[in-house]
C-alpha cells in the first residue's frame, strides 16, 4: 500500500512540475532529504523517483517564465570553482573510474539542482516554503526519534532513513542539530498559535532525538550551536540559561549507557571508534602530503589508499586490513581534492557566514526586511557553526543540507538585489539634440495697386 501511495503522489506531481518548475525544486528537496520511498517495502524502494522529478524540472525550467538570472556573489562563485576543481581531481583519482564517475555524477546532480533552484526562488514567501520543506523532511525523523527515545527511556539508538546520507545515527544527529535554528526561525515568525505550539513540541522531540542518536559529534555540535544560538538570539544571558536548563534535563533523562558513551570523548585512547578516526586522518594527511594538489579523487575509502599511506607506528591492529571513510568533512575534502579543494570548501562556509552577517546588518532597519531577514541570517550562522563542529567527525562533504542552508543566503541576497534595482529611480532619457533653427523667411510686401 505504501508503494502505491508514494508512487501515485510522485508521478501525480509530474504534470505540475512541468508547469511550474519552482514546485519541482521543492519536490526535489523533499525527495533528497526525506527519501519517502525508503519507507515503503516493495517496488517503490528502488524506483528512480529523483531522476523523474529532475528531468521534469529541467524540461519545465527551459520553457518557464519563473526563471530568473543566475545570482552571482561570493558564495556561488566559490561553489562553481569547487565543482570545477572536483571535476579536475576526478581525472587523477586513485580509485577505479567506475566508482569515481558514479560519485561525480551524484555530486554534480546535487549542485546542478541547487543552481537551478537559485534561478527559480525569490521573495520571502517562496524562501520560507523551502525552509518548511527542509524542516519537515528531516524533522520528521527527529520527531519520530524523539518520541522513541522517550518511550524507551533513551535505551534505543535513533537511526535515519535507510539508503540515505543520514542513515547513520551520527549523520542524523548532525542533520537534526543543523535543523534546530531553522525551526527556531519558523517558530519566531509564525503567525498562528497552533503552528507555534507544534513547532515548539517538535523542537523538544528533536532535541531528545539528537541525544537518542548517541552521537558524540552531534552532542558537541548541539552544545556549540546552543552557545551560538544564545548569542545570536537577542537575549544572550536568558537564552543561554534556558538552553542549558533544557539540555541538563534531557541529559539527566538519558540512561547510564548514554553517559558512558559520551564520556569516551575524554578517554578516546581506549575507544576503537575514536582511534579508527585518528588512524584514518593520519592516512589522509600522508596522502595529501604526497599528492597536495589533486588528492586521491572521490572515494578515498579504498585499499589502494590505505595500503600506501596508512601509518605503521601505533596502529599495527589497523594496518593492512582496515579501510575507513574519512570521518571528517575537512579530511574528506583534503584527501579527495587536495589542499586547493580543502581551501575552497572552507572558504564556501566562510563566505556564507560573512554574507549572512552583512545581509543581517544592512536589513536590520529596513521596514520591508527587518522582521525576518536579520533573524534568518543569524540562524543560518548558528546552523553553520553546528555543522563546522559536528562535521569534523563525519564524512558529509557531499550532503545536500549544508549547501541548501548556504543557498538560502544566496536566495535572500538575490531578492534584496532585485528589490534594490526596482527601487532605483529610472535614469532620465537623454534629450534629443535640437534641430537647427529654420532660416527666417522674409516676404516682400505686395504693392498696393
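Numerical summary
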{"quantity": "Relative contact order (percent, whole number), the range 25-119, Cα cutoff 8 Å, 6+ residue spacing", "calculated": "33 percent"}
{"quantity": "Kirkwood-type radius of the range 1-67, with distances r between different C-alpha atoms, in Å", "calculated": "12.0 Å"}
{"quantity": "Relative contact order computed over the range 1-67 (Cα-Cα under 8 Å; 6+ residues apart), in percent", "calculated": "46 percent"}
{"quantity": "Theoretical FRET efficiency, 1/(1+(r/R0)^6), r = Cβ-Cβ of residue 196 and residue 278, R0 30 Å, to 0.05", "calculated": "0.10"}
{"quantity": "Calculated over the range 59-142: convex hull of Cα atoms, volume per residue (Å³)", "calculated": "157 Å³"}
{"quantity": "Convex hull volume per residue in cubic angstrom - Cα atoms of the range 112-163", "calculated": "86 Å³"}
{"quantity": "For the range 319-396: relative contact order, % (alpha-carbon pairs under 8 angstrom, 6 or more apart)", "calculated": "45 percent"}
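Values quoted throughout were computed directly from the atomic coordinates according to the rules given, and no laboratory measurement underlies them. Values in this document were obtained by computation on a predicted structure and should not be read as measured data. Neighbour counts are summed over all protein chains in view; Cβ atoms, including those assigned to glycine, are modelled from backbone coordinates with ideal geometry.
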